[in-house]
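What follows is one structure encoded as structure tokens, with my remarks underneath.
The values are calculated or read from the model by the stated rules, or taken from the named source; none is laboratory data. Worth saying up front: this structure is predicted, and the values here are computed from it rather than measured. Cβ: placed from backbone, ideal geometry, glycine included. Neighbour counts: every protein chain shown. To get the accessible areas, we keep the full protein, side chains included, count just its heavy atoms, and leave off ligands, DNA and RNA. Shrake-Rupley method; radii C 1.70, N 1.55, O 1.52, S 1.80 Å.
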Amino acid sequence: MPSLANTENKLAVEITDLHKSFGSLEVLKGINLSVRPGEVICMLGASGSGKSTLLRCINQLTVQDRGEILIYGDPIGFVRSPDGKMKEAGTGTLAKQRSHIGFVFQQFNLWPHRTVLGNITDALIIVKKLTEEQAEKIALDRLEEVGLTDWKDEYPSTLSGGQQQRVAIARMLAMEPDVMLFDEPTSALDPERVGEVIDVMRELAQKGHTMILATHELNFARDTADRAIFIDQGVIVEEGPAKDFFKNPKSDKLRSFLKRMGNG
């Protein structure tokens, strides 16, 4: 299956009227969002505002109640039948759709019984059907990209949190996703380890990767993002170019949030 990123003149991500409830709690209340190829989007908002749920819906780890998500023009989680109607994607189809989307979680989700190298090669061998030699070459290249080549034979328990998160990023990169999702990737780290993960993400942004991040790292969002989005109670309250977003917030809710976060 060719890379979806080869599709010309299409948005990388297009979300229309997305709704999601858990029981009586409505978490997403009609989200609309478009992301261009190579764009870096930082989402801000208090805990429980809906950021993580939105990211999980994009990857279909959580299925929306209503609304549509397109990745380079193709629906994820659903397929169009010949008559144009949408039906739920089967397991195999969904796996192929997800292979174009990378996800880095708050927790690192590394296999404790596999080495750093094994954590990266396993998916390449199982999902992409590469040989062990092919997978190892890609894994080593990605570990070099995040500065962890010397740790390839170590187990996750011997690594710091920042190193584990960089392995998780390397694992994602090895799959060559067209869209990268990050859900508060530094929130579980000790403060002295945050910078090393931020540096890797900044390098990815500079290389032109399409990235959507939920983050509380305001400096990263201000300096690196193309656009910033503020979500409050399941609604996008404000969005705009990152530098203007932080300098001139238009809504009282965003001004109050930024003040609480130490931005002015």
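For GLU136, GLU144, give me the order by solvent-accessible area with a 1.4 Å probe, most accessible first, ignoring ligands, DNA and RNA. Write down the numbers at each step before the final one.
Values: GLU136 75, GLU144 130 Å².
Solvent-accessible surface, decreasing: GLU144, GLU136.
Once you order the gyration tensor axes a ≥ b ≥ c over the Cα atoms, which shape class does the stretch 1-116 get: rounded for a/c under 1.5, otherwise prolate or oblate by comparing a/b with b/c? Kindly include the intermediate steps, with their values, before the conclusion.
Working: a/c = 1.36, a/b = 1.07, b/c = 1.26.
It is rounded, given that a/c, with a ≥ b ≥ c, falls under 1.5.
Run the dipole for the stretch 110-264 about the Cα centre, Lys and Arg Cβ at +1, Asp and Glu Cβ at -1, nothing else charged, and hand back the magnitude in debye, nearest 20. Show your work: numbers first, answer last.
On the way: 20 positive and 27 negative charges, 125 e Å.
Here the stretch 110-264 has a charge dipole of around 600 debye.
Return the sequence-ordered ³J(HN,Hα) values of the stretch 172-186 in whole Hz as given by the Karplus equation 6.51 cos²θ - 1.76 cosθ + 1.60 applied to θ = phi - 60°, using x for Gly and Pro.
Values per residue, Gly and Pro as x: 5, 4, 4, 7, 6, x, 7, 9, 10, 10, 10, 10, 6, x, 10 Hz.
Can you tell me the accessible area per residue over the stretch 182-239, all protein chains present, probe 1.4 angstrom, in square angstrom?
Values: 2330 Å² over 58 residues.
With the other protein chains kept in place, the stretch 182-239 gives 40 Å² per residue.
Stick to Cα atoms and the Kirkwood definition of Rh, then tell me Rg/Rh for the chain.
Rg/Rh: 0.97.
Name the lysines eligible as straight-distance cross-link partners of LYS259: C-alpha to C-alpha under 28 Å, and not fewer than 8 places from it in the same chain.
Hits, sequence-local ones excluded: LYS29, LYS51, LYS243, LYS247, LYS250.
Which one of GLN206, GLN164, GLN107 has the biggest mean-square fluctuation once the chain is modelled by GNM with Cα springs under 10 Å?
In the Gaussian network model the winner is GLN206.
Send over a whole-number figure in Å² for the accessible area per residue of the stretch 2-149, probe 1.4 Å. Please list the in-between numbers first.
On the way: 7580 Å² over 148 residues.
Here the per-residue accessible area is 51 Å².
Work out the charge dipole of the chain with +1 on the Cβ of Lys and Arg and -1 on the Cβ of Asp and Glu about the Cα centre, then indicate which of GLY102, ALA242, GLY161 is farthest towards its positive end.
ALA242
Rounding to the nearest 20 debye, state how big the charge dipole of the stretch 1-111 is about its Cα centre with +1 on each Lys and Arg Cβ and -1 on each Asp and Glu Cβ.
Working: 12 positive and 10 negative charges, 35 e Å.
Computed about the Cα centre, the dipole is about 160 debye.
How far is it, in nm, from the label point at GLU203 to the one at THR91 when both lie 7 Å from their Cα along the line to the Cβ?
3.8 nm
Pop out the carbon and sulfur fraction of the accessible area of the stretch 29-84 as a percent, whole number, probe 1.4 Å.
Numbers: 980 of 2110 Å².
The C+S portion of the solvent-accessible surface of the stretch 29-84 is 46 percent.
Within the stretch 58-125, which trypsin sites (Lys or Arg not before Pro) sit in a loop by DSSP and count at most 11 neighbouring Cβ atoms inside 10 Å?
Working: sites: ARG66, ARG80, LYS85, LYS87, LYS96, ARG98, ARG114; in loops: LYS85, ARG114.
Listed in order of number, the matching sites are LYS85.
Of ASP141, ASP122, ASP190, which is the most mobile in a GNM of the chain whose springs link Cα atoms less than 10 angstrom apart?
Result: ASP190 has the largest fluctuation of those listed.
So how strong a dipole does the chain carry about its Cα centre when Lys and Arg Cβ are +1 and Asp and Glu Cβ are -1, to the nearest 20 debye? Display every interim value, and only then the final one.
Working: 32 positive and 37 negative charges, 149 e Å.
The calculated dipole for the chain is roughly 720 debye.
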